[in-house]
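**Student:** Questions regarding the structure given below will be posed in turn.
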Amino acid sequence: MGHAVTDNRSRSRYEVVLDGDVAGFAEYVDDGNSVVMPHTLVEHEHRGKGLAALLVRHALDDLRSRGRTVVPVCWYVDHFIAGHPEYTDLVSGR
């Protein structure tokens, strides 16, 4: 299974692409102060393969590299950060 995670800035979302098709995405809104992450979705047929974790980890690593903080409105992003304390410092206001 060949996959890649990219930042589709024109759609304001990180996408995980499998064999040329978007299998999932994590939406974001840059409010100027921080990056709000309101929604993450992995297509039904691709669930259970760890793609959401891969997607969110990539997004958080990218945002860290750009010196950004996040507001994890999406329950999955919030859950992921809670389970990976190395990302807690990225959360705006924590």
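Each row is one residue, and each column tells you yes or no for (1) part of a helix (DSSP H, G or I); (2) over 20 Å from H84 (Cβ atoms); (3) touching an Asp or Glu at 6+ places or on another chain (Cβ under 8 Å).
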| position | (1), (2), (3) |
| --- | --- |
| V5 | no, no, yes |
| Y14 | no, no, yes |
| M37 | no, no, yes |
| T40 | no, no, yes |
| E45 | yes, yes, no |
| G48 | no, no, no |
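**Student:** Out of curiosity, is A52 more than 11 Å from the chain's Cα centre (by Cα) and either open to solvent by 40 Å² or more (accessible area, probe 1.4 Å) or not β-branched (V, I, T) (or both)? Explain how you work it out, then say what you get.
**Tutor:** Numbers: more than 11 Å from the chain's Cα centre (by Cα): no; either open to solvent by 40 Å² or more (accessible area, probe 1.4 Å) or not β-branched (V, I, T) (or both): yes.
Spelling it out, it is not the case that A52 is more than 11 Å from the chain's Cα centre (by Cα) and either open to solvent by 40 Å² or more (accessible area, probe 1.4 Å) or not β-branched (V, I, T) (or both).
**Student:** Still on this structure: Select from segment 35-66 the residues that are over 16 Å from N8 (Cβ atoms) and modelled with pLDDT of 95 or more and list them in ascending order.
**Tutor:** Our first condition is that a residue be over 16 Å from N8 (Cβ atoms); within segment 35-66, this holds for 36, 44-50, 52-53, 57, 60-61, 64-65.
Matches in segment 35-66: V36, H44, A52, A53, R57, L60, D61, R64, S65.
**Student:** Turning to a different aspect of this structure: Can you spot a residue in segment 75-91 that is in contact (Cβ under 8 Å) with a residue 12 or more places away in the chain and either open to solvent by 60 Å² or more (accessible area, probe 1.4 Å) or of a type in the set (K, R) (or both)? Give the derivation first.
**Tutor:** Filtering segment 75-91 for residues in contact (Cβ under 8 Å) with a residue 12 or more places away in the chain gives 76-77, 80-81, 84, 87, 90-91.
Then drop every residue that is not either open to solvent by 60 Å² or more (accessible area, probe 1.4 Å) or of a type in the set (K, R) (or both), which leaves none.
There is no residue in segment 75-91 that is in contact (Cβ under 8 Å) with a residue 12 or more places away in the chain and either open to solvent by 60 Å² or more (accessible area, probe 1.4 Å) or of a type in the set (K, R) (or both).
**Student:** List the residue pairs whose Cβ atoms are under 8 Å apart, where the first residue sits in segment 1-27 and is polar (S, T, N, Q), the second is part of a strand (DSSP E or B) and open to solvent by 50 Å² or more (accessible area, probe 1.4 Å), and the two are 6 or more positions apart or on different chains.
**Tutor:** Matching pairs, first to second residue: S12/E27; S12/V29; S12/D30.
The values are calculated or read from the model by the stated rules, or taken from the named source; none is laboratory data. Bear in mind that the values here come from a model prediction, so they are computed numbers and not experimental data. Note: ideal-geometry Cβ built from the backbone for every residue, glycine included; neighbour counts use all protein chains shown. Surface accessibility is based on the protein's heavy atoms, side chains included, excluding ligands, DNA and RNA. Shrake-Rupley method; radii C 1.70, N 1.55, O 1.52, S 1.80 Å.
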